[in-house]
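Asker: The following block contains the structure, expressed as structure tokens.
The values are calculated or read from the model by the stated rules, or taken from the named source; none is laboratory data. This structure is a prediction, so every number in the text was calculated from the model and none was measured. Every residue, glycine among them, receives a Cβ derived from its backbone with ideal geometry; neighbour counts consider all protein chains shown.
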Amino acid sequence: MARPSRSERKAELLAAILDYLMDKTLAELSFRSLAEGLGMSSYTLVYHFGSREQLINDIVVSIESRLDRMRNTDVRDIDRDAWRAFLLDSWQWTMAQRNRHLTRLEFEATAQDIVAATPRGTAQEHFRLLHHKTRDWLMVQGIPEEYADTDARLFTSTFYGLQFDFVVMNQPDAATKAFELMLAVFFNNLETRLAAAGQQPAGQEAGAHMPAATAGPARHGAA
């Protein structure tokens, strides 16, 4: 059997490292402790990762890549039911215990990145991506950009906040109930904004349209 290539071996090592980190932190990680935990020579790790900084960076990139499917999905043209289903499916996936610990590590990396001399900036990039993805979808529904941007930021911040809730409290059912309530508020707010502007939901026959600038902020309430 052919030996795995260097890139394949590195991917195998990263998978093993993530398993090892399920009850560890990035702050305590070193080549020596990792080598002892994985039962291998530290020279093997140095060969594949070069430095501790590069090791941490590769770990964070690997953790962040688990959400690539969500980030790469173009949702601008999907209808409300499909958008809701997409969000619920993405949320349910994050509720796995393994993802709880990967999210914990991602939050830790984000906190370190804020004060790093050379920040990766990926946490800000991913927050911005979800924010803009949601904003663009709201604008397709007929929400003026100024309101869509604020509503999308509230949605994105709540999405991240409920992930933090799950990491800290480890109560997936309670976090999911709160997420479902957040979705109800989000869609109710969409209806309220469209009604204030005299619009019908996207995909339905439009009625009389008021200028978008006359639409005031909607009240956020539970469904």
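Asker: Looking only at region 68-93, how many residues end up being touching a helix residue (DSSP H, G or I) at 6+ places or on another chain (Cβ under 6 Å) and farther than 25 Å from residue 194 by Cα?
Answerer: Going through region 68-93 one residue at a time, the tally reaches 4.
Here is a yes/no grid of residues against (1) loosely packed, with under 15 Cβ neighbours inside 10 Å; (2) within 19 Å of the chain's Cα centre (by Cα):
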{"position": "32", "(1), (2)": "yes, no"}
{"position": "35", "(1), (2)": "no, no"}
{"position": "45", "(1), (2)": "no, no"}
{"position": "58", "(1), (2)": "no, yes"}
{"position": "87", "(1), (2)": "no, yes"}
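Asker: So which residues in region 60-72 are among the hydrophobic types (A, V, I, L, M, F, W, C) and either at pLDDT 95 or above or buried (at least 17 other Cβ atoms within 10 Å of the Cβ) (or both), if there are any at all?
Answerer: 60, 63, 67, 70
Asker: Next up: Would you point out which residue out of 134, 103 is farther than 30 Å from residue 20 by Cα, assigned by TED's automatic domain parsing to the domain that holds residue 189 and buried (at least 17 other Cβ atoms within 10 Å of the Cβ)?
Answerer: Exactly one residue qualifies, and that residue is 134.
Asker: Follow-up question, since we're still on this one. What are the residues in region 116-138 that are hydrophobic (A, V, I, L, M, F, W, C), in contact (Cβ under 8 Å) with a residue 12 or more places away in the chain and farther than 18 Å from residue 74 by Cβ, if any?
Answerer: Within region 116-138, 123, 127 qualify.
Asker: Restricting the search to region 1-30, which residues are assigned to a helix (DSSP H, G or I) and either more than 26 Å from the chain's Cα centre (by Cα) or charged (D, E, K, R) (or both)?
Answerer: The answer is 6, 7, 8, 9, 10, 12, 19, 23.
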